[in-house]
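Asker: Here it is, the structure, as structure tokens.
What follows draws every value from the coordinates through simple rules; no lab data is involved. These numbers come from a predicted model, not from an experiment. FYI the Cβ positions are ideal-geometry reconstructions off the backbone, even for glycines, and counts take in every protein chain you see.
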Amino acid sequence: MGEKEKKIFGVSRNVFLLGIVSFLNDMSSEMIAPVVPTYLTEILGISKVVSGSIMGLIESLSSLFKVLFGYFSDHFRKRKLFVAFGYLFSTIAKGALAFVHSWWDFVTLRVLDRVGKGIRTAPRDALIAESSEKGKTGKSFGFHRMMDTLGAVAGPLAAIAILELLKSLPLETAYRYLFLLSAIPGLIGVVIVILLVKDKGGEVKKKVKGISALKSRNLRLFLVVVAIGALGRYSYAFTLWKAEELGFSVVQGLGFYALFNLIYALSAYPLGTYSDTFGKKRMIALGFGIAALASLAFAYARDFYTLIAAFVLYGLYIAIEDTIPRAYMADLAEEFEKGTIIGAYHTVFGVFVFPASVIAGWLWQNYSLTYSFIFAALMNAIAMVLMAFVRE
């Protein structure tokens, strides 16, 4: 990135625009995401184990494509093409949910939405890294995650308003209108990518040969830690099911979810910026520790205040673990492989997120949600300890 390029809120124009796009896309996604758990269990009548598996599958499948399309964006040096197509794919899939009539159609479209995420994520993260000032990747990724998550705050609030306006309609009909309306902010984001975001890959001369960071023992060890931590990364749906178990309504659950995302949004940018000086490795380890505390809080929550504390800790944990590892991988990667390396991180994470939700669903059905969260706390505690063996 040219040093004389004008900054917007402390980041480059590209990072700022990609932040706006993520805000709009996440607003679109989070307008419908909080109602999906109830839709699966109450309207479609799917069991707890299957519901947990579906939520995990949806989250996991998107990651399987990230290393592939990260590699393609490295090879062609055209990040923007994959970013635009990925966002468009997801937006169409979300809007089309309004027209399905079976749980299989519903799940298929949700998977296609996540495939779109798989197409865009690694190229977009590589573009953010390439558009960042040297040594400031944490700041750039922190800004991006902040904007992304502000969209996740706006989404549930918009959903609450829409469902309130449509409360006279049957619940299933109201959900269909919500699915259709969710496509609007996503389409605006696609237009911004196409018209305003600029590719940076062409400015970097691709090396003919180089030593890949994937050959580093340190990076491979870090990916092992990522895998273990991912086993403790239950779907957000479990936190909403916990609120439901304690007697809170769907709308109240949306309020808790908005609080979680607000904490995430407010902390991602400062934590990302601070990690550039504090050390990304130490910040990631701290995130696993907070994750363990959040999981224990969910496990033993019996009242409103403990549940609030759990959502706050959950927000801090996700703010760290969804931000700093991306910047850490971008710092480790050579210029010719940033998309591939960042994609490898997302793919490893995604592969292990799926069994995490399956295990959590099985523990919930056969024992209780408490055991699901205790298992997550254990996995995150192990990941925190193992981070001590990863070099800075």
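Asker: Packing-wise, with mean Cβ within 10 Å as the measure, how do 172-184, 112-124 rank, highest first? Display every interim value, and only then the final one.
Answerer: On the way: 172-184: 17.8, 112-124: 25.9.
Most protected by this proxy first, the peptides run 112-124, 172-184.
Asker: Identify the residues of the range 108-127 with backbone N under 18 Å of a label point that sits 7 angstrom from the Cα of VAL351 along the Cα-to-Cβ direction, or state none.
Answerer: Output list for this probe position: 118-119, 122.
Asker: Ok, one more. So for the pair PHE76, ASN366, with labels modelled 7 Å out along Cα→Cβ, what separation do we get in nm?
Answerer: According to this spin-label approximation, the distance is 4.5 nm.
Asker: Expected output is a single nm value to one decimal: the length gained when fully extending between ALA227 and SER102, i.e. 0.36 nm times separation in residues minus the C-alpha distance. What is it?
Answerer: Numbers: separation 125, 0.36 × 125 = 45.00 nm, distance 3.34 nm.
Full extension of this stretch gives 41.7 nm more.
Asker: Another one. Which order do HIS101, HIS75 fall in if you start with the one that has the fewest other Cβ atoms within 10 Å?
Answerer: Listed from fewest to most nearby Cβ atoms, that is HIS101, HIS75.
Asker: Each residue of the range 350-365 in turn: what ³J(HN,Hα) in whole Hz from Karplus with 6.51, -1.76, 1.60 and θ = phi - 60°, glycine and Pro shown as x?
Answerer: Per-residue couplings from phi come out as x, 4, 8, 5, 4, x, 4, 6, 5, 4, 4, x, 5, 5, 5, 5 Hz.
Asker: Within the range 237-273, whose backbone N sits under 19 Å from a point 7 Å along Cα→Cβ of ARG302?
Answerer: Zone members listed by number: 242-248.
Asker: Taking Cα atoms of the range 13-389, Rg/Rh with Kirkwood Rh, to two decimals?
Answerer: 0.95
Asker: Under a point spin-label approximation (7 Å from Cα along Cα-to-Cβ), what is the TYR177-ARG282 distance to one decimal in nm?
Answerer: Going from the TYR177 label point to the ARG282 one covers 5.3 nm.
Asker: Further question on the same structure: Rounded to whole Å, give me the distance from the Cα center of the range 115-162 to that of the range 304-325.
Answerer: Between the Cα centres of the range 115-162 and the range 304-325 lies a distance of 17 Å.
Asker: Given the options GLY287, GLY255, GLY272, state which has the largest fluctuation in a GNM of the chain using a 10 Å cut-off (strictly under) for Cα springs.
Answerer: The residue with the greatest mean-square fluctuation here is GLY255.
Asker: Please sort 376-383, 130-137 by packing, taking for each peptide the average over its residues of neighbouring beta carbons within 10 angstrom, highest first. Don't skip to the answer; put the middle values down first.
Answerer: On the way: 376-383: 22.1, 130-137: 19.0.
Sorting 376-383, 130-137 by mean packing, highest first, produces 376-383, 130-137.
Asker: Return the single residue from LEU109, LEU195, LEU296 with maximal mean-square fluctuation; model: Gaussian network over the chain, springs between Cα atoms under 10 Å.
Answerer: The residue with the greatest mean-square fluctuation here is LEU195.
Asker: With r defined as the distance between the Cβ atoms of TYR274 and ILE8 and R0 fixed at 30 Å, what FRET efficiency is calculated, to the nearest 0.05? List each step's numbers first, then the result.
Answerer: Numbers: r = 20 Å, r/R0 = 0.68.
It comes out at approximately 0.90.
Asker: What percent do you get for the relative contact order of the range 13-389 when only Cα pairs under 8 Å and 6+ apart count? Can you show the working numbers first?
Answerer: On the way: 703 pairs, mean separation 117.4, N = 377.
Taking the mean separation of contacting Cα pairs over the length of the range 13-389, I get 31 percent.
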